[in-house]
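Asks: To start, I am sharing the structure in question, which I have written as structure tokens.
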There are 2 protein chains.
Amino acid sequence: MRIAVDLAKAYRLLNHGPTVLVSASAEGRNNVMAAAWVMPVDFNPPKVAVVIDRKTFTRGLIERSGRFALNVPCRAQARMVTALGTHTGREIDKLSDFQVSLLDEPTASSPLVGGCVAWLDCVCLPEPHNEATHDLFLGMVTGAWADRRVFDGGRWHFDQVDEGFRTLHHVAGGHYLAIGDEVDTGQ
Amino acid sequence: MRIAVDLAKAYRLLNHGPTVLVSASAEGRNNVMAAAWVMPVDFNPPKVAVVIDRKTFTRGLIERSGRFALNVPCRAQARMVTALGTHTGREIDKLSDFQVSLLDEPTASSPLVGGCVAWLDCVCLPEPHNEATHDLFLGMVTGAWADRRVFDGGRWHFDQVDEGFRTLHHVAGGHYLAIGDEVDTGQ
């Protein structure tokens, strides 16, 4: 069900503000964390920004590999997202403990999380000031994919599928809002 | 219906990824533009990041005043949001042409747009590199408010009110997704 998304339209995977899972790998160790503070910053070449707290285990993996992936999880994964966002890879192997499956996508340079509805594989743009001062990481998107059941033709289509496919938008704690109805202003 | 929001919880007004209206004022001229690329970057002190293209008229107002406000519009305002996002203040007076009302909030330093469901008044954090390289503006939140019909006790509550109050999440063109159901993972 996974289709490649034109890189010039990769921003549309994040444009509506979903919470993401940030995945990274270094020296044989994978990890995944949750992040709500993420956005596109450019169309073409496609760039993204994400806040990665300095206390996170994932940050060390990103600093060592220079790479990360943004995975867009869905409502069916809400409990897993909360679990991944409230535990640290310093203490446990979150992928094993929370049954996180990884996709077999040979062109991706960071692990991609199974069951998500979109993925953006990124290379870090070195930004020492932003990283040190704001915990802000910028990335160039080098690969993008989506589940074609919910994203096709450059747009999200949630109306025709099970509620479990809807993206999650974090409020606080273990509380989210799922994305809702389409609103078309005809322009 | 407008209540002040504790600054330490102001990030929750943006955490779920709504599209915003960016408003600014300088030398007697107000303007409002739409922006989907916006996110919190810190809790306390509360900071935000927003991408403001160098071609926008609003950017000049922000550069001159050192201030901007983020207004969170709702579904009832979808046509106005598209209009504000597809015209420039260089050519027309958008506030007048699109019947944008401004609130009387004496403690705000930038104009606040009426009919929205949340507002964050911000002072720019000077970031010459980010502004020049990424069109990225950082702001310190100095005031935050929400419509208590949809945000109270530090959380959004859309279930009990008219659909028109739901936040808008931009996909592309004049196409949005409204925010949907609450999802509570019990943690």
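Only the coordinates and a few stated rules stand behind these numbers; no lab work does. Since the model is a prediction, treat every value here as computed from it, not as a measurement. A quick note on method: Cβ atoms are made from the backbone with ideal geometry, for glycine too, and the neighbour counts reach across all protein chains shown.
Asks: Give the relative contact order (percent, whole number) for chain B; include only Cα pairs under 8 Å separated by 6+ residues.
Replies: Numbers: 395 pairs, mean separation 49.6, N = 187.
For chain B, the relative contact order is 27 percent.
Asks: Taking the Cα centre of the range B:66-187 as origin and charging only Cβ (+1 Lys, Arg; -1 Asp, Glu), how large is the dipole, in debye to the nearest 20?
Replies: 140 debye
Asks: Sort B:167, A:185 by Cβ crowding within 10 Å, fewest neighbours at the top.
Replies: Exposure proxy ranking, most exposed first: A:185, B:167.
Asks: Moving on to the next point. Please check: in the Gaussian network model of chain B (C-alpha springs, under 10 Å), which one of B:157, B:170, B:129 has the largest mean-square fluctuation.
Replies: B:129
Asks: Since chains A and B are linked by a rotation, which residue in A has the beta carbon closest to its axis, and how far is it in Å?
Replies: Per the A/B rotation axis, the closest residue of A reads A:17, 1.
Asks: Per 5 Å bin from zero, what fraction in whole % of the C-alpha pairs of the range A:30-69 is there, up to the bin with the longest pair?
Replies: P(r) for the range A:30-69, in whole percents per bin: 6, 20, 30, 24, 14, 6, 0.
Asks: Once Rh for the protein assembly as shown is found with the Kirkwood sum over Cα pairs, what is the Stokes-Einstein diffusion coefficient at 20 °C and 1.002 mPa s, in µm²/s?
Replies: 104 µm²/s
Asks: A further question on this structure: Using the 10 angstrom Cβ neighbour count as an exposure proxy, how do A:39, A:1 rank, fewest first?
Replies: A:1, A:39
Asks: How do the peptides A:103-111, B:45-53 rank, highest first, by the average count of neighbouring beta carbon atoms within 10 Å per residue?
Replies: Descending packing order for the listed peptides: B:45-53, A:103-111.
Asks: Separate question: Using only DSSP helix segments of four residues or longer, with each worth -39500 (n - 2.57), what per-residue ellipticity at 222 nm results for the protein assembly as shown after dividing by its residue count and rounding to 500?
Replies: After summing the helix terms and dividing by residue count, I get -4000 deg cm²/dmol.
Asks: Along the Cα→Cβ direction, 7 angstrom out, place labels at residue B:149 and residue A:64. What is the inter-label distance in nm?
Replies: Once both label points are built, they end up 5.3 nm from each other.
Asks: Using a basic spin-label model with each label point 7 Å from the Cα along Cα→Cβ, how many nm lie between residue B:129 and residue A:181?
Replies: Rounded to a tenth, the inter-label distance reads 4.6 nm.
Asks: Moving to a separate point now. What FRET efficiency comes out for the pair residue A:92/residue B:159, r = Cβ-Cβ distance, R0 = 41 Å, nearest 0.05?
Replies: That gives a FRET efficiency of 0.75.
Asks: Rg (Å, one decimal) plus Dmax (Å, integer) for the alpha carbons of chain B?
Replies: Considering chain B through its Cα atoms, Rg and Dmax are 15.5, 51 Å.
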